[in-house]
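So the structure is just underneath, and the comments pick up after that.
The values are calculated or read from the model by the stated rules, or taken from the named source; none is laboratory data. From a predicted model like this one, the values you see are computed outputs, not experimental measurements. We place every Cβ from the backbone using ideal geometry, glycine too, and count neighbours over all the protein chains shown. For the accessible areas, the whole protein counts, side chains as well, though only heavy atoms, and no ligand, DNA or RNA atoms are used. Shrake-Rupley method; radii C 1.70, N 1.55, O 1.52, S 1.80 Å.
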Amino acid sequence: MISFKPLFDFMFDEKIAMQDLRKKTGLSSKTTAKFRKGESVSLSTVEKICVAYRIPIEQVVEIKFDEID
């Protein structure tokens, strides 16, 4: 299962609101809603966040293996 917990942790630590993330990355509110719902997003979407905030992909998404089995 895909988890965006690393992104939410990063946003919390850096005091970044979802609205700020949308403005800085150009993502739509529909796309950012997918993060909250734990739905899949494209790799290019993840890349936009990584590039905008200069963070590695591991700070945006993780795979939860225990929930797959």
*What is the dipole size for the chain, taken about its Cα centre, with +1 at each Lys and Arg Cβ and -1 at each Asp and Glu Cβ, in debye to the nearest 20?*
540 debye
_Please report the carbon-and-sulfur percent of the accessible area for the chain; probe 1.4 Å, protein heavy atoms only, DNA, RNA and ligands left out._
53 percent
*Tell me, what does the Kirkwood hydrodynamic radius of segment 20-69 come to in angstroms if you use every pair of distinct C-alpha atoms?*
11.7 Å
*What accessible area per residue, rounded to a whole number of Å², is obtained for segment 1-49 using a probe radius of 1.4 Å?*
65 Å²
*Normalising by the residue count of the chain, find the relative contact order in percent from Cα pairs under 8 Å and 6+ residues apart.*
53 percent
*Given 0.36 nm per residue, what is the gain on full extension from MET18 to VAL46 after removing their alpha carbon distance, in nm?*
8.7 nm
